[in-house]
Structure formats: C-alpha cells, structure tokens
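Written below as structure tokens is the structure these notes are about.
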Amino acid sequence: MAGCRSWVFLLSVCVATFLEAGAEIKVTIPVGKFFTYELLRETFQNDFEPLSKLYAGRLYDDPMIFKCNRQNFPDLPEWLRFTQRHPYDNGFLYGTPTSPGKSIIEIYAINKRSYEAARHILVIKATAEKMLPFQAEFFLKLREIEKVLPPSVQDEVKQDLQKLWDTEALDIVNISNALDRGGRVPLPLAGHFEGVYVKVGSEQYFSDCLMRVTTEEHQKQCAAGDKVKVKVPGGCNFCNIPSNCITWCKTELFDLTKREPAPPPPAVGSGILEDGGGGDFDPPESPPSRDFFPDYIVTVIVPLVLAIVLCLLLAYIMFGRREGVAKRNARTNQIQLYHHHTIHGNADELRNMAAAERAARPPLSTLPMFNCRTGERAPPLQSDSPRIPLILAQHDPYSDTLPRK
Ligand SMILES: *[C@@H]1O[C@H](CO)[C@@H](O)[C@H](O)[C@H]1NC(C)=O
C-alpha cells in the first residue's frame, strides 16, 4: 500500500515537472512596440483536467481567474498590465516595453470550480529598436480594452488607421484603457463604454487627413464642445465598423523628430550666498499709525449708551407699573370702605325692623342655620360683621384681612 502511494507521488511529481517545463513560454519583442499575450482558458483547462477524463472525452469549461507577477516580485513590471473582464473570459497581458531587458512573468490560473491552481512561466525578452519618429494617438470611444486586445481586432483597427495615414508601414505603439488615464467608469448600460486609446507610429510623415487635426479651424470646432458637430475632413473617414471609429477631437500627433533637447540641469552653486550688493539687513518701514478712535466709539461707546438707555427704560417701566398697582389698590380700598359704610346703615335698619318683629316669635325655619332634619340650631353667625364682604368679586388678593372663598 505504502509502495503504491509513493509511486503515485513520484508520478505526480514527474507530471508536475513535465507540465512546468512545458509551461514555460519565451517571447522576444522589440522595445517601443505594443505587445499582447492572451491567457487562453483552454490551455489552462488542459492542466486542470485529469488525463483519464480527457480520454473519456469529457470537456470542461471552468471559470478561471489569473494572478500574474514578475518572478520573485509581488507585481508586474511597470510597463506590463493584466486584464480579464470575467472568469469565463480569457485574460490579457499587454503593454509596451520601454527599455531592453528580460522579464520572467509567473502566471497562476485558479480554477474557480475546483480551486486547483496551475502555474505557467512567460519569459519576455525585449530587444532595443529605433523609436518610430511619427506617432499619433486615437481614441475609440465605443470600445473596451478587452475587446480591442484580440489580435484580429487589433488588425481591424490598424487597417483603418493605415488608410487614414495612407501607408502600410504602421505599427501599434500602445493600447491603453481610458480608465488608466483619468477616464470615468461608464454607466452599466448598453451603449456606454470605457473607451480605449490606440497609439500608432510610422516612419512616414503624417498624411494630409491627419494634418487637418492641427488646423486652427478644427481646434476651434473641438473647443466649442459637443454642441458643434465636428466636420470630419472630407474623404478621411475610413472606419468600417462603427465601434472602431475614432473621436477626431481626441486625436493627437507626436512628431518625435521635433522634440526639443531636454533643458540643461540647473547649475549647483557652492551653497554660500554671494557677498556685496545687499549689504546690511534693512528692515521694512513700519506701517503708518492708525487712528482707532472711531473704532472705539463704534465698538464700545455706542453699545454702552444703548445699554444705559435700555436700562433706564426698563427701570422706568418697572417703577411705573408698580405705582399703578398701588394706586389701584388704594381705589379698591376706598370702594370697600364705602360698602362698609352702607352695610352698617343697612344692618342698623334691619336690626330695627327685627326688634319690631320680635314680639311675635318667627317660625324656626326662617332662622338662619336651622337644620330641618335634626332640629338643631347653629349659633348664629356674625353676619353683620364688617369682615364678611358682600361683594366677593371685589375681594382683594393682596389683603389678608378678608377670608378666602
Ligand atoms: C502606454 O500607455 C500607458 C497608459 O496610458 C502608459 O502608462 C505607458 O507609459 C504608455 N507606454 C508608452 C510606451 O507610451
């Protein structure tokens, strides 16, 4: 049993080394020209499928994602980019090398169904080559980078541009996603695309069609914005497929022969300021003195006067109101005194009348405070006392001498 296992292990190691050795791909590319490498899911699918299943004629179409990096580095070289839109799409490595050299790229494919991984090695050797002196960049508004990178589409785009440039000797220098250059992520709706920049170069000078881009008339039209329909130079529209049509206003020409030499680096001095000329430090004159009196009046005196006036006004209102209350109290007292006076008179009159009646005893029920159920007689109240007010509405809340109701 153990022997069998070790056999299986040995076999798998052999297969793995065989696969790894077979998975190393070497490419040689010129510096300054566009490079694309398509990561075909089919190729990796073969790595994932056991041989027995392959012989059984079963084919899988697994979702896959890729991880690419320079060997022993966490990321790709600066010039190389990777893109894959969806796990069911192929991936692309693309970019334009800027300097000669060798890059070893590790490509890991992860099967999203079984979570197996496969590793391929891509060795890219960039060789020095002369830069193409005349370059032009075009913007394809209705494109996405993955849709342009397949070689067949690159050829279509190139053919249109060859006609526009009026030369066969044309090479693609760069293709880049508009999002990498400050473009906006489009709405997730049909008819909205990220946009792709395509840069081509040639040994031949720009055609007349291309030179129209540099005219003042064209630039004015483009500056006017979307409102003005930009007139495409007559006979210069060569796009067969609408999505390959260029945006004229974003076309740029680069004449590398006219490149000005880089300005000489600034000369570094000794670091010590030169003596003479300036002499001693001359402090700047102090500013003219300012009169702060108006400011003082506005910020201090005026609010103060206002505050005093308000204070006085408030005090007057307070004292005036109190006076009014006192006067009203006095008048109420007078009225009450008058009432007391008349009450006395009336009470005397009633007493006299009562004395006249007392000879005949009045029935009990006519007496005040007679309880008709118990027959009890409450002691008569001093109803004639001047302390009970006859008019309760006149009762004064400030005086304690009167009983509360
Ligand atoms: C190609 O385009 C990308 C994205 O704009 C840029 O970073 C890169 O420098 C370009 N390469 C060349 C050689 O122009």
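The values are calculated or read from the model by the stated rules, or taken from the named source; none is laboratory data. Worth saying up front: this structure is predicted, and the values here are computed from it rather than measured. Neighbour counts run over all protein chains shown; Cβ positions are idealised from the backbone, glycine included. Note: areas computed on protein heavy atoms with side chains; ligands, DNA, RNA excluded. Shrake-Rupley method; radii C 1.70, N 1.55, O 1.52, S 1.80 Å.
Observations
- Estimated inter-spin distance, Y60 and E203, nm [label 7 Å along Cα→Cβ]: 5.0
- Scalar couplings 3J(HN,Hα) for region 146-153, obtained by applying the Karplus form with A = 6.51, B = -1.76, C = 1.60 to θ = phi - 60°, are 5, 7, 9, 5, x, x, 5, 6 Hz; x denotes Gly and Pro.
- Förster-model FRET efficiency, 35 Å R0, E252 and N72, C-beta, rounded to 0.05: 0.40
- Residue-wise HN-Hα couplings along region 244-256, as the Karplus relation 6.51 cos²θ - 1.76 cosθ + 1.60 with θ = phi - 60° gives them from phi, are 8, 6, 8, 8, 4, 6, 9, 7, 10, 10, 10, 9, 6 Hz; Gly and Pro carry x.
- Loop sites in region 128-195: trypsin sites (Lys or Arg not before Pro), DSSP, at most 16 other Cβ within 10 Å: K130, K141, R184
- Our Cα-only numbers for region 131-258 put the radius of gyration and Dmax at 14.4, 43 Å.
- Between region 74-102 and region 151-218, the alpha-carbon center distance in angstrom: 20
- Two-site FRET efficiency, T28 against R113, from Cβ-Cβ distance with R₀ of 45 Å, rounded to 0.05: 0.80
- Ordering F139, V185, M211 by the projection of their Cα atoms onto the charge dipole of region 131-258, which places +1 on the Cβ of Lys and Arg and -1 on the Cβ of Asp and Glu, puts V185 at the extreme positive end.
- Accessible surface of region 22-129, 1.4 Å probe: 50 percent of it comes from carbon and sulfur atoms.
- Sites R184 and H86 - FRET efficiency at Förster radius 22 Å, r taken between beta-carbons, to 0.05: 0.55
- Computed over all pairs of different Cα atoms, the Kirkwood value for the hydrodynamic radius of region 22-129 is 14.7 Å.
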